[in-house]
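Encoded as structure tokens, the structure appears first; notes follow it.
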């Protein structure tokens, strides 16, 4: 039986190709196996449970301490991941720490994840914020990959979702709306409380970045942003965190991201620094400095 949402997303790939920077034209091309949720395509990792997880846990403790394993957010993610034989890796842990911080500052009724991967952001919003409506806007290939993971879940996200793939779509009562990037204009009138972008603005064209900020400003929303301070893409596009169009939005916090400075690998000396500082902030476009 053909999956209607999956086939529509596949048919939309060519249209969202126009939204790609040189970074995504390089990493998401005709040879990319985006149909496999286990494939690492630079938008997150999906780690299956195995004996190798012990090494992950060891380095996670060294890198970030063991307090996070006792958080309510970690336990909720683990309950969902256990059902699909998925391990909480470093990508997911960064989202856990993000939502642990955000829930102390805001309780939104609607959240838009810009540029999710492996449903880490969508699932975090669902598990953290009560009765929240969620929007996930992304390139078609990434939405396909996320959709295949979503269908494994046994919760409201998999049972109450739709795909917005026309400009006249009527936003209904479903829990989750998947939105290909070429239809992001529908978000201008969505009344979204909180937008979240983690390691995605840094990989866009300047025009695409500005369009998302215009949407956020029109909604008078809060924005959580976690991105590299400076990144140069394959076609020499340059992205500067401090030069994003913040204008006079109110800063709730603005700092180097403490859980996104280092990573671990099997290569000596095992703990490594990222290539460039990564900052994060929560700003309010509905309030003024």
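Sequence gap at least 6, Cα distance under 8 Å: using those rules, report the relative contact order of the chain to the nearest whole percent.
On the way: 483 pairs, mean separation 51.1, N = 289.
For the chain, the relative contact order is 18 percent.
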Residue 158 paired with residue 15, simple spin-label distance in nm, labels 7 Å along Cα-to-beta-carbon: 2.7 nm
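If you take the square roots of the eigenvalues of the alpha-carbon gyration tensor of the chain and sort them as a ≥ b ≥ c, do you get rounded (a/c under 1.5), prolate (a/b over b/c) or oblate? Before the final figure, lay out each step's value.
Numbers: a/c = 1.25, a/b = 1.11, b/c = 1.13.
Taking the square roots of the gyration eigenvalues as a ≥ b ≥ c, the chain is rounded.
Can you bin the stretch 27-152 into rounded, prolate or oblate? Criterion: square roots of the alpha carbon gyration tensor eigenvalues sorted a ≥ b ≥ c, rounded for a/c under 1.5, prolate for a/b above b/c, oblate for the rest. Present the calculation step by step, with values, prior to reporting the outcome.
On the way: a/c = 1.85, a/b = 1.09, b/c = 1.70.
Oblate, since a/c reaches 1.5 and b/c is not below a/b.
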Cα centroids of the stretch 66-128 and the stretch 171-191: how far apart, whole angstrom? 21 Å
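For the stretch 1-61, just say rounded, prolate or oblate: build the C-alpha gyration tensor, square-root its eigenvalues into a ≥ b ≥ c, call rounded for a/c under 1.5, and beyond that prolate if a/b exceeds b/c, oblate if not. Don't skip to the answer; put the middle values down first.
On the way: a/c = 3.59, a/b = 1.76, b/c = 2.05.
Verdict is oblate for the stretch 1-61.
Within the chain, what percent of beta bridges assigned by DSSP are antiparallel, to the nearest 5?
Values: 22 of 43 bridges.
Here the antiparallel bridges make up roughly 50 percent for the chain.
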Between 38, 56, 275, where does the largest GNM mean-square fluctuation fall for the chain, given springs only between Cα atoms within less than 10 Å? 275
Most fluctuating residue of 227, 17, 207 in a GNM of the chain with Cα springs under 10 Å: which is it? 207
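Among 20-26, 199-205, what's the highest-first ranking by average C-beta atoms within 10 angstrom per residue? Please list the in-between numbers first.
Working: 20-26: 18.3, 199-205: 22.6.
Order by mean packing, descending: 199-205, 20-26.
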Highest GNM mean-square fluctuation, the chain, Cα pairs closer than 10 Å: which of 121, 44, 65? 65
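If you stretched the chain out fully between residue 25 and residue 3, how much longer would it get, using 0.36 nm times the residue separation minus the C-alpha to C-alpha distance?
Working: separation 22, 0.36 × 22 = 7.92 nm, distance 2.63 nm.
Working it through step by step, the gained length comes to 5.3 nm.
Bear in mind these aren't lab numbers, they're just calculated from the coordinates by the rules spelled out. In this text, all values refer to a predicted model and were calculated from it rather than measured experimentally. Cβ atoms come from the backbone with ideal geometry, glycine included; neighbour counts cover every protein chain shown.
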